[in-house]
Amino acid sequence: ICIMASKIKVDQIQTADGSGTIALQNQLSGMTTASLPTGSVVQVVQFRESTNYSTTSNSYVQGPQTGTFTMKDSSNKVLVKVTALMVVNTSGNYNGIRMAIYRGSIASGTRIDNGTEPQFLSWSDEIWGFQTREVLDTPSSSTVTYSIGFNKHSVASAAHIRGGYGETTITMMEIAG
């Protein structure tokens, strides 16, 4: 079987009613990301992590962090979406794990969302579940990193991000602004 690539070469396209034509010469030349309409997706980068993280702290600690994301235009926004397999070790019937998104690291960065703490009612020793967070960020810089901060509820004995069982993903979408 021989498969050949095909090309269509035309100089003009005529309208359906025959009232005019559309010239095609160089229609896309010179188009840049700066000429995209507001709200257009400029680029998408996904960071995947399979490392496990654990804490017994009630304060946010460092979880997975992306590599450097280089924006096409520093005036654009970044939609950051995080999904992680979270596990809490229980010590009663009111247990939870918090997760928040940071621009930069936990130690020196800025928390850019309010975080979440789903509460579970359970009598088992561990509770597993995927958590997803997303936030639209305006970093005002051409390079940025994002990370996950997490902690345990005060009555839980420990909290974990189980990247080895279900990959943690941080997806960054640059949005023309």
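The values are calculated or read from the model by the stated rules, or taken from the named source; none is laboratory data. Just so you know, these numbers come straight off a predicted model, no measurement behind them. Counting neighbours? That spans all protein chains shown, and the Cβs are built from the backbone with ideal geometry, glycine included. Side chains are part of the model used for accessible areas, which takes the heavy atoms of the whole protein and leaves out ligands, DNA and RNA. Shrake-Rupley method; radii C 1.70, N 1.55, O 1.52, S 1.80 Å.
Would you confirm, using the coordinates I've provided, whether MET86 is more than 14 Å from THR116 (Cα to Cα), buried (at least 19 other Cβ atoms within 10 Å of the Cβ) and not basic (Lys, Arg)? Judged against the criteria, MET86 is not a match. Looking only at residues in the stretch 105-128 that are at pLDDT 75 or above and of a type in the set (A, V, I, L, M, F, W, C), the one that is nearest to VAL80 (Cα to Cα) is ILE112. The numbered conditions (1) under 18 Å from the mean Cα position of the chain (by Cα); (2) at pLDDT below 95; (3) among the β-branched types (Val, Ile, Thr) are all true for VAL155 except (1). Filter the stretch 151-177 for residues that are open to solvent by 30 Å² or more (accessible area, probe 1.4 Å) and hydroxyl-bearing (Ser, Thr, Tyr) and give the result. Within the stretch 151-177, SER154, SER157, TYR165 qualify.
Out of THR55, THR51, THR38, I need the residue that is at pLDDT 75 or above, polar (S, T, N, Q) and open to solvent by 80 Å² or more (accessible area, probe 1.4 Å). Which one? Can you show your working first?
Values: THR55 fails: open to solvent by 80 Å² or more (accessible area, probe 1.4 Å); THR51 fails: open to solvent by 80 Å² or more (accessible area, probe 1.4 Å).
When all the criteria are applied, what remains is THR38.
Scanning the stretch 138-150 for residues that are β-branched (Val, Ile, Thr) and open to solvent by 20 Å² or more (accessible area, probe 1.4 Å), we see that the one that is nearest to LYS72 (Cα to Cα) is THR143. When GLU134 is tested against (1) surrounded by fewer than 19 Cβ atoms within 10 Å (Cβ to Cβ); (2) at pLDDT below 90; (3) assigned to a strand (DSSP E or B), exactly one condition is not met: (2).
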